[in-house]
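Undergrad: Attaching a single structure in structure tokens format; questions to follow.
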Amino acid sequence: MKTKKVAWPSRPCAGAGRPCPLVCLLAVLVGFGAESLRAAEPAAGKPNVVFIICDDLGYADIGAYAQKKIKTPNVDRLAAEGMLFTQHYAGSPVCAPSRSCLMTGQHTGRTPIRANPRHARDWTRAQGDYPLPPDQVTLPKLFKRAGYAAAAIGKWGLGRPGTSGGPKEQGFDYFFGYADHTHAHDYYPDYLWRNDQRVELDGKQFSHDLMTEEALRFVREQKDGPFLLYLPYTIPHTKLQVPSVEPYENEPWPEPAKKLAAMITRMDRDVGRIMTLLAELKIDKNTLVIFTSDNGPWNIRGIPEELFDSNGPLRGHKRDVYEGGIRVPLIVRWPGKIAAGSKAEQVCANWDFLPSFAELLSEPKPAEIDGLSILPTLLGRGGEQKSHDYLYWEFNELGGQQAVRTGDWKGIRLDLAKNPMRP
């Protein structure tokens, strides 16, 4: 893809929060109780959905995307049995706005959460993460309307339980994990949330393992489906913490590098456990599995950048609107529906998931969204696939950044605080 300087408009666009085309871009639960989670009208014949989103996983941190040193056999198998996207983008180069884009189907010029909480206006970190508004159409609300049981297990980061942005308030029947994204930095927390209750821990339990056990339990309880499992894993976000550095203990790497690789491989192991359970329950062929990341990798001190080459050919990292900050892996598997071993060059982004699921579930697509359904690409009907005129991102930190991609061209605007658009 070529890079080109673009002429930015001389005045802001009309409409609050709506950039114009030239500027703009989911070991403690005891029984779920299937009937209590099920919506009133069952969604007959609809697939289960497992949506796995990692935290700070780079474009090339996975073997299927040319990683050479970190072992990811289970995610690689997902790619071999499904579709691998080469030009999929996160919603933002940091977690909160990226997840807001995913949940709302809107880009960062319009989605309600456009910055991490410490950068949100009129908001303090003591209040937790800035919440989604109560009337927002979100992915879990869409699935609930279609008759699904829905769980979010992992790092939420879009509002504490009890606020308008809490997981249950936004449509999930069940939540277990971290409510605030800063709390999710620690893999050995003193507590996690289960719905609106704090679950006290002893600080010695690895949170990723607890979340995996909860996910496996949910799948067993909801095996008769349909269900949505939104699994926003915290790996490999720092801190670099893991119970064991196997299988890398004998590698001649710095200790931080061993920990990072072991974290990713542990996550891969648990993706394999979920896939094995789906097969054992004989529901894998009726389960759509999505694997992606919330933004690009962090350039971690103590790990030589060339060791893992987490960005592959891409420029930049987390907190950049360059490709390395926002282009992320995307693998989708649905046996019998998605061609095994297929590769898609369709340009798409986090905000395309909501309209894709709306089409899949035969639910009305919300009007105020920026996404396009990629279901035609997934199902091999490429001739029906619509393409974006442009994709837009903004990043409200480090002085402010904007990016727009149209076709094979991309424009970048940096240091907005120093170089504001003149009225």
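The values are calculated or read from the model by the stated rules, or taken from the named source; none is laboratory data. Computed from a predicted structure; not experimentally measured. Reconstructed Cβ throughout: ideal geometry from the backbone, glycine too, with neighbour counts over all protein chains shown. Heads up: the accessible areas ignore ligands, DNA and RNA and are worked out on the full protein's heavy atoms, side chains in. Shrake-Rupley method; radii C 1.70, N 1.55, O 1.52, S 1.80 Å.
Undergrad: Please determine whether any residue of region 236-247 is crowded, with 20+ Cβ neighbours inside 10 Å and closer than 21 Å to Asp173 by Cα.
TA: no
Undergrad: Ok, one more. Mind counting the residues in region 209-231 that are of a type outside the set (A, V, I, L, M, F, W, C) and outside any helix (DSSP H, G or I)?
TA: Looking only at region 209-231, we keep the residues that are of a type outside the set (A, V, I, L, M, F, W, C), and these are 209, 212-214, 217, 220-226, 230.
Now drop any that are not outside any helix (DSSP H, G or I), which leaves 222-226, 230.
Residues flagged as of a type outside the set (A, V, I, L, M, F, W, C) and outside any helix (DSSP H, G or I) within region 209-231 amount to 6.
Undergrad: OK, next. Condition first: within 23 Å of Ala279 (Cβ to Cβ) and over 19 Å from the mean Cα position of the chain (by Cα). Now tell me which residues in region 308-344 satisfy that.
TA: Answer for region 308-344, where residues must be within 23 Å of Ala279 (Cβ to Cβ) and over 19 Å from the mean Cα position of the chain (by Cα): Pro335, Gly336, Lys337, Ile338, Ala339, Ala340, Gly341, Ser342.
Undergrad: Here's another thing I want to ask about it. Regarding Ile113, is this residue at pLDDT below 95 and open to solvent by less than 10 Å² (accessible area, probe 1.4 Å)?
TA: Working: at pLDDT below 95: yes; open to solvent by less than 10 Å² (accessible area, probe 1.4 Å): yes.
So Ile113 passes the test.
Undergrad: Determine which member of the set Glu221, Glu200 is charged (D, E, K, R) and within 23 Å of Asn286 (Cβ to Cβ).
TA: Glu221
Undergrad: How about region 248-268: which of its residues are of a type in the set (A, V, I, L, M, F, W, C) and open to solvent by less than 20 Å² (accessible area, probe 1.4 Å)? Lay out the reasoning, then the answer.
TA: Just the residues of region 248-268 that are of a type in the set (A, V, I, L, M, F, W, C), to begin with: 253, 257, 260-264, 267.
Ala257, Leu260, Ala261, Ala262, Met263, Ile264, Met267, listed by residue number.
Undergrad: Continuing with the same structure: For a quick check of your reading: which helices (runs of 4 or more DSSP H) sit entirely within region 296-409 and have at least 1 residues that are open to solvent by less than 20 Å² (accessible area, probe 1.4 Å) and within 30 Å of Lys144 (Cβ to Cβ)?
TA: 323-326, 353-360, 375-378
Undergrad: Does Asp122 qualify as being crowded, with 24+ Cβ neighbours inside 10 Å and at pLDDT below 95?
TA: In short, no.
Undergrad: A follow-up question, please. May I ask you to verify whether Ile290 is assigned to a loop (DSSP other than H, G, I, E, B) and either surrounded by 21 or more Cβ atoms within 10 Å (Cβ to Cβ) or among the aliphatic types (A, V, I, L, M) (or both)?
TA: Numbers: assigned to a loop (DSSP other than H, G, I, E, B): no; either surrounded by 21 or more Cβ atoms within 10 Å (Cβ to Cβ) or among the aliphatic types (A, V, I, L, M) (or both): yes.
Spelling it out, it is not the case that Ile290 is assigned to a loop (DSSP other than H, G, I, E, B) and either surrounded by 21 or more Cβ atoms within 10 Å (Cβ to Cβ) or among the aliphatic types (A, V, I, L, M) (or both).
Undergrad: Ok, one more. Could you list, in sequence order, all residues of region 126-172 that are touching a strand residue (DSSP E or B) at 6+ places or on another chain (Cβ under 7 Å), farther than 19 Å from Thr212 by Cβ and of a type in the set (D, E, K, R)?
TA: Lys144, Lys168 - these are the residues of region 126-172 that are touching a strand residue (DSSP E or B) at 6+ places or on another chain (Cβ under 7 Å), farther than 19 Å from Thr212 by Cβ and of a type in the set (D, E, K, R).
Undergrad: Which residues, counting only those in region 158-197, are open to solvent by less than 10 Å² (accessible area, probe 1.4 Å) and under 26 Å from Val242 (Cα atoms)?
TA: Leu158, Phe175, Phe176, Gly177, Tyr178, Ala179, Ala184, Tyr187, Pro189, Leu192
Undergrad: Which residue is farthest from Asn311 (Cα to Cα), if the candidates are limited to region 61-93 and must be part of a loop (DSSP other than H, G, I, E, B) and open to solvent by 10 Å² or more (accessible area, probe 1.4 Å)? It would help to see each step written out before you state the result.
TA: Taking region 61-93 and keeping what is part of a loop (DSSP other than H, G, I, E, B), we get 61-62, 66-72, 82, 86-87, 90-93.
Filter once more, so that each one left must be open to solvent by 10 Å² or more (accessible area, probe 1.4 Å): 66-69, 71, 86-87.
Details: Ala66: 10, Gln67: 10, Lys68: 12, Lys69: 14, Lys71: 16, Thr86: 13, Gln87: 13 Å.
Looking at residues that are part of a loop (DSSP other than H, G, I, E, B) and open to solvent by 10 Å² or more (accessible area, probe 1.4 Å), I get Lys71.
Undergrad: Output the residues belonging to region 224-263 that are among the aliphatic types (A, V, I, L, M) and touching a helix residue (DSSP H, G or I) at 6+ places or on another chain (Cβ under 9 Å).
TA: Initial filter on region 224-263 (among the aliphatic types (A, V, I, L, M)): 228-229, 231, 235, 240, 242, 245, 257, 260-263.
Matches in region 224-263: Leu228, Leu229, Leu231, Ile235, Leu240, Val242, Val245, Ala257, Leu260, Ala261, Met263.
Undergrad: When region 232-257 is examined, which residues are found to be out of contact with any Pro (no Cβ under 8 Å at 6 or more places or on another chain) and not in a loop (DSSP other than H, G, I, E, B)?
TA: Within region 232-257, Pro232, Glu255, Pro256 qualify.
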